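Working notes, structure below.
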4 protein chains.
Amino acid sequence: MPTEVTFRSDVTVEYRDHMGSDERIVEAMLVSTDAAAAAADLAKQPGRINFLMRDRHGSPFEHTALQFVVEAPIFVFREWHRHRIGFSYNEMSGRYSILPATYYVIGYDRNTIQVGKPGAYSFEPGDPELQEWLIGDMKEESLENYARYERRLEKGIAREVARMGLGVNIFTKMYVTLNARSCMSFLSLRTKRENSTFPSFPQREIEMCAEIVEDHFARIFPLTYKAFEANGRVSP
Amino acid sequence: MPTEVTFRSDVTVEYRDHMGSDERIVEAMLVSTDAAAAAADLAKQPGRINFLMRDRHGSPFEHTALQFVVEAPIFVFREWHRHRIGFSYNEMSGRYSILPATYYVIGYDRNTIQVGKPGAYSFEPGDPELQEWLIGDMKEESLENYARYERRLEKGIAREVARMGLGVNIFTKMYVTLNARSCMSFLSLRTKRENSTFPSFPQREIEMCAEIVEDHFARIFPLTYKAFEANGRVSP
Amino acid sequence: MPTEVTFRSDVTVEYRDHMGSDERIVEAMLVSTDAAAAAADLAKQPGRINFLMRDRHGSPFEHTALQFVVEAPIFVFREWHRHRIGFSYNEMSGRYSILPATYYVIGYDRNTIQVGKPGAYSFEPGDPELQEWLIGDMKEESLENYARYERRLEKGIAREVARMGLGVNIFTKMYVTLNARSCMSFLSLRTKRENSTFPSFPQREIEMCAEIVEDHFARIFPLTYKAFEANGRVSP
Amino acid sequence: MPTEVTFRSDVTVEYRDHMGSDERIVEAMLVSTDAAAAAADLAKQPGRINFLMRDRHGSPFEHTALQFVVEAPIFVFREWHRHRIGFSYNEMSGRYSILPATYYVIGYDRNTIQVGKPGAYSFEPGDPELQEWLIGDMKEESLENYARYERRLEKGIAREVARMGLGVNIFTKMYVTLNARSCMSFLSLRTKRENSTFPSFPQREIEMCAEIVEDHFARIFPLTYKAFEANGRVSP
């Protein structure tokens, strides 16, 4: 009996750990004889962080770390892994593990019709019939895809070969470690917001990841987040 | 009529450009008042490069560049993109382009049976019947895969959505720029050689890319390549 | 007789090599089946490069290289070396070489009086007497500095120890290799310009280096440079 | 009355914070459905970490952070800042702050006589008279150096200009954040040990920093440190 396939239209970004705080960022900025004491001056923290953000002094934000465990389809990881600087990754390997039977299918509310011109696309809902057809088509394809994968494994084919046909909508999992600076670079590029100085057009599925990352970022570094929002979401 | 699907069991790594030479590496190492003149002393070049390699003085090798245009399946690019330092990438995007109908299928001689334990696998040939079955199965899956992709596009589904089910064996294309130092790091990890100080167990398909990269590297930087081979293929 | 000391109020940034062009940047952006042919469409090049710059698609600019040989005082190299990403350095080492007797002293026209508040300083000329005194004082100090250095070396003190007292205004030399993207990041931070979206307040001496780098950059990548200027000198 | 100058023959590397542990490294390596539980299997931790180290799987070690506040002379920071990957720095700036009056002078036991050939120097003690002379000479120079610096500041010269003559033995201060992988790369290059697979010849003063970093590293990541030692101090 084949493994049951799970379909998901969401992603998981689980908080794992972090180091540092708004105060640490100010402390690293001051780096004077009594930096820790000076950084603790709460009244001056917002202004100091806003100054760093506005004038793009980025290095103090690097003295922090954020760590997440992410579950998302391969096509999302492909985009995420293009972020090279200030990002560390460890992803489950299809060479050593059998990938679990979880596939991404779009939700009914996922816009599927592309309008506009290259570089500035926007997306609109498909008609209900088309959405339903597509969801069914994706499920059917994924079921067949995993069945072929399992059949190859059962015949003794090596994992690294059996996985060659897997669809980029299969889920995989990774540990990702970044810092407050690289996090802002990620948020700037992977969310679409009205208040951005520089417009971005991310694929919706990586934006879903970015939105969860952003919630954690805003919670852990509230002053930095406020200054990021106030200064056009430009990574310093 | 559906687009005809092309099946390949090889990869393309096309030389596009480079900057620098063995002599330039020596020049950057000397960086003295008359570095260019001193570097031109041909008799001393091999010894100087061997010294850099042996004692792992890596920075002089960075004053060079190599550029390739690569065509390979997604599962190869997924591994390649994990090289972050000293690597620049621009890959064809399935969000903006329709990916061409080219898929990777294993050749008859591709070892498909995995033996040994995790971390030190080796691979052996499957029996001819199994190989034939697998090749047929991969072709069948790829044909269906592309047919679904085209059907979605015909129905007006956005490219970034239509591509979600594509198999990781579909071909894509990228420009990659690296330097002699990051190139040696790549070769060290992505080839399996007897004379390596540190053993590597690359997937065969990225090793096929690495072998072509290595040919170009050996041609453009012959003394550096010789020292790399003589010192256990350890990236300095 | 002590070595004669040379005083300089300028810096040297000598072009050594480069790879790529505006056309190559467009080619790496297109990365389609016929990228090279498409990139050669001269009429479309400016618009394409402007699009990359405006929307901050930075990666195509990385498929290029620029190489310089720089002579400047240590306090300039200290700032330059803080640029980590997309920069390779090889600097003359005071551990292995005897540093030549060349020191930086300010020119008569160097603004030496600081006005304004931290983070937004500007500088004004000192009165002529003060300028003259300072120049004399710097020369005197440098002469004594090199004399002590030589005396230690003559007594057989190791180079790495003898150099410990050298002033940060002594000249040193390095090879630096960067790409069009990291070059724009450098220019953005190390020049002070009215048309910058984000203001920078570089020390004049590194700006002197940046101005020469900028001339070479504008010559080698004219369309990219034009788009950089037109879009607020923001590194993409 | 001039500021009193402090002379030091040691350095300060103060632990500030860290994230992660040996267990987290194993967890990031496993990245499977139940990675956290599996990583907690204490009996398997040493073997797993040793496997990563031996076969140079470096990425799991990056999911950690270490943070120090360092006080050392400029000539040490110049070497330290050449470590670009996996290192974040914030240093006190002589443009904005007046540097405190602390200078490095060698201790009586600092070897000052260089023997051997380039690339493989070793150092021996100078005779007592020479050592004493050198220490006196360094102190005298430093006193004069700081006196000139203060005089310029008193005359209203801008900080960024007044500091131009400071000796590279003046102390400065920085925050540095790294991870377990970049830490091992630093230790490998900046200590001289018999059990190193690849020999290094660091200047003694940066080795003094590295030794303190190593103590903290060994305390926080004991299994990783043991595997580093057991595998020739090669950064994975």
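The values are calculated or read from the model by the stated rules, or taken from the named source; none is laboratory data. Quick caveat, the model's predicted, so the values are computed rather than measured. Here Cβ is always computed from backbone atoms with ideal geometry, including for glycine, and neighbour counts include all displayed protein chains. Side chains are part of the model used for accessible areas, which takes the heavy atoms of the whole protein and leaves out ligands, DNA and RNA. Shrake-Rupley method; radii C 1.70, N 1.55, O 1.52, S 1.80 Å.
The table below gives the values:
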quantity: Other-copy label distances relative to A:Asp41, 7 angstrom Cα-Cβ extension, nm; calculated: 5.4, 5.8, 5.8
quantity: Amide H contacts of A:Asp17 (H built 1.01 Å from N, under 5 Å, at least 5 apart or other chain); calculated: A:Gln67
quantity: Area accessible to solvent at D:Leu130, 1.4 Å probe radius, in Å²; calculated: 20 Å²
quantity: For the protein assembly as shown, projected area of the alpha-carbon convex hull averaged over all directions, nm²; calculated: 39.5 nm²
quantity: Most to least accessible of A:Leu52, C:Leu223 (protein chains only, probe 1.4 Å); calculated: C:Leu223, A:Leu52
quantity: Under the Debye formula (equal points on every Cα, no solvent term), log10 I(q)/I(0) of segment A:141-193 at q = 0.15, 0.20 Å⁻¹; calculated: -0.62, -0.74
quantity: Percent RCO, i.e. relative contact order, over chain B, from Cα pairs under 8 Å lying at least 6 residues apart; calculated: 30 percent
quantity: Cα-only radius of gyration and Dmax that characterise chain D, units Å; calculated: 21.2, 68
quantity: Rule-of-thumb Rg ratio for segment A:1-75 [Cα; 2.2 N^0.38 Å; N residues]; calculated: 1.73
quantity: Accessible-area value, D:Met92, 1.4 Å probe, nucleic acids and ligands omitted, Å²; calculated: 20 Å²
quantity: Longest to shortest principal axis, alpha-carbon extents of segment C:53-193, angstrom; calculated: 58, 42, 22
quantity: Theoretical ellipticity at 222 nm over chain C - DSSP helices of four or more residues, -39500 (n - 2.57) apiece, nearest 500; calculated: -12500 deg cm²/dmol
quantity: Residue mean of other protein chain beta carbons inside 10 Å, D:23-29; calculated: 3
quantity: Highest-MSF residue in chain C out of C:Pro128, C:Pro73, C:Pro60 [GNM, Cα springs under 10 Å]; calculated: C:Pro128
quantity: Low-density loop positions, GluC sites (Glu not before Pro), segment B:48-112 - DSSP coil, at most 15 other Cβ in 10 Å; calculated: none
quantity: Distance histogram in 10 Å bins (all Cα pairs of segment A:19-117, percent per bin); calculated: 11, 28, 21, 22, 16, 3
quantity: Scaled radius of gyration (Cα, divided by 2.2 N^0.38 Å) that segment B:72-117 gives; calculated: 1.57
quantity: HN-Hα J in Hz across segment B:94-110 - Karplus 6.51, -1.76, 1.60, θ = phi - 60°, x for Gly and Pro; calculated: x, 7, 10, 10, 7, 5, x, 7, 10, 10, 8, 10, 5, x, 4, 8, 6
quantity: Amide H contacts under 5 Å for B:Arg193, placed H, 5+ residues apart; calculated: B:Ser200
quantity: Rounded to whole Hz, the Karplus (6.51, -1.76, 1.60) HN-Hα couplings of segment A:51-61, x for glycine and proline; calculated: 4, 4, 5, 5, 8, 6, 8, x, 4, x, 5
quantity: Average beta carbon contacts from partner chains per residue of C:147-153, 10 Å cutoff; calculated: 2
quantity: Heavy atoms of A:Arg204: accessible area, 1.4 Å probe, square angstrom to 10; calculated: 90 Å²
quantity: For segment D:1-29 and segment A:143-209, distance of Cα centres in Å; calculated: 37 Å
quantity: Around A:Gln203: net Lys/Arg minus Asp/Glu count, Cβ-Cβ under 14 Å; calculated: +4
quantity: HN-Hα J in Hz across segment B:8-16 - Karplus 6.51, -1.76, 1.60, θ = phi - 60°, x for Gly and Pro; calculated: 10, 10, 10, 10, 10, 10, 9, 5, 10
quantity: Probe 1.4 Å, all protein chains present, accessible-area order of D:Phe217, B:Phe7, largest first; calculated: B:Phe7, D:Phe217
quantity: Lysines with Cα under 26 Å of B:Lys44, excluding same-chain neighbours fewer than 8 positions away; calculated: B:Lys226, C:Lys173, D:Lys117
quantity: Descending semi-axes in Å of segment B:121-232, equivalent ellipsoid built from Cα gyration tensor; calculated: 37, 21, 10
quantity: Residue order for A:Glu27, C:Glu140 - accessible surface, 1.4 angstrom probe, largest first; calculated: C:Glu140, A:Glu27
quantity: Shielding score for B:58-67, defined as the mean number of other chain Cβ atoms within 10 Å; calculated: 6
quantity: Filtered GluC sites (Glu not before Pro), segment B:143-175: DSSP coil and at most 11 other beta carbons within 10 Å; calculated: none
